1. Can you tell me which residue among ALA100, ALA111 is within 14 Å of ligand 1 (Cβ to nearest atom), of a type in the set (Gly, Ala, Ser) and in contact with a strand residue (DSSP E or B) (Cβ under 8 Å, 6 or more places away or on another chain)?
2. Would you check if ARG28 is charged (D, E, K, R) and more than 16 Å from ligand 1 (Cβ to nearest atom)?
3. Can you find, within the range 96-124, the residue that is surrounded by the most Cβ atoms within 10 Å (Cβ to Cβ) among those that are in a loop (DSSP other than H, G, I, E, B) and under 14 Å from the mean Cα position of the chain (by Cα)?
4. Could you check the range 114-143 and list, in sequence order, the residues that are of a type in the set (Val, Ile, Thr), away from ligand 1 (no atom under 14 Å from the Cβ) and in contact with a Leu (Cβ under 7 Å, 6 or more places away or on another chain)?
5. Determine whether the range 176-183 contains at least one residue that is of a type in the set (S, T, N, Q) and within 16 Å of ligand 2 (Cβ to nearest atom).
6. Which condition breaks for GLU88 when tested against (1) buried (at least 19 other Cβ atoms within 10 Å of the Cβ); (2) not in a loop (DSSP other than H, G, I, E, B)?
7. Being touching a strand residue (DSSP E or B) at 6+ places or on another chain (Cβ under 7 Å), β-branched (Val, Ile, Thr) and away from ligand 2 (no atom under 16 Å from the Cβ): is that true of ILE164 here?
8. Return the residues of the range 179-199 that are free of Cβ contacts under 8 Å to residues at least 40 places away in the same chain and under 24 Å from ALA157 (Cβ atoms); say none if nothing qualifies.
Amino acid sequence: MEETNVPDVIYHRGASGYAPENTLAAFRKAAGMGARWVEFDVMLTRDNTPILIHDEKLERTTSGKGRVAETDWIDLRKMDAGGWFGPEFAGEPVPTLSQALALLGELGLGANVEIKPSRGYEEETAHIAAATLLEEWPAHLPTPLISSFSREALATALVVAPEIPRALLLSRVGRDWREQAEMYDCSAIHTDAKRLTQAQLAEMREAGYAVRCYTVNEEARARTLFDWGVDGVFSDYPDRIPAK
Ligand code: G3P
Ligand code: MG
């Protein structure tokens, strides 16, 4: 399926420059600052609840300890995912994917859903995330975009929800980018802004892919990338890098 209405700036883990990443507060902040789309990371708890979190370990962004894949939702739901960012966010919970989708519906925010499996759980994470999107994505929002660094996750998303467009995530552009993008029938390539060259971008655009870069927080860098012809950037700061 084709991408629809993806804006030129997508806010990374919500407005994560101003609110704790991957929380409902970060989505509210993004919407309040004029965002149209956000990006967030989805991982499974031990008991297969899809939640929003970036790291495989709880320490950096929550009051908990240990691995997400070894923690049940009943325990995770009590953790504080906001206090580390600032006292005004203390008590902000780790959201489930379902809670996040309901809020996107209320706020009218589109989303790039990044499947971020704990190592060893690639297939089940993609399966559950894609199935949840099929069941619960608010119908009035633009079609979401699934992305992943995990090839197994993209392959699974293609089988479970072929109608949701996919982006290949690359931390560096290898020789096999084209083969990979074709294999998972991707509409876009999302890659590290620090490493992308103008020549690589030209090849990807020529091959028909939308190209977006993470994470761009400097206005001058965003301008250069847009001058080169990128379709979009991910940013933590809706005011510094406003969407068109
Ligand atoms: O999806 C773009 C970007 O979020 C990928 O990297 O590590 O921030 O999830 P990361
Ligand atoms: Mg991400």
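The values are calculated or read from the model by the stated rules, or taken from the named source; none is laboratory data. Worth saying up front: this structure is predicted, and the values here are computed from it rather than measured. Glycine gets a Cβ as well: all are built from the backbone with ideal geometry, and neighbour counts include every protein chain shown.
1. On inspection, the qualifying residue turns out to be ALA111.
2. Here the answer is yes, as ARG28 does meet what is asked.
3. The extreme case among them is LYS116.
4. If the condition is that a residue be of a type in the set (Val, Ile, Thr), away from ligand 1 (no atom under 14 Å from the Cβ) and in contact with a Leu (Cβ under 7 Å, 6 or more places away or on another chain), then ILE128, THR132 are the ones that fit.
5. No, that holds for no residue.
6. The number of the failed condition is (1).
7. yes
8. Matches in the range 179-199: GLU179, GLN180, ALA181, GLU182, MET183, TYR184, ASP185, CYS186, ILE189, THR191, ASP192, LEU196.
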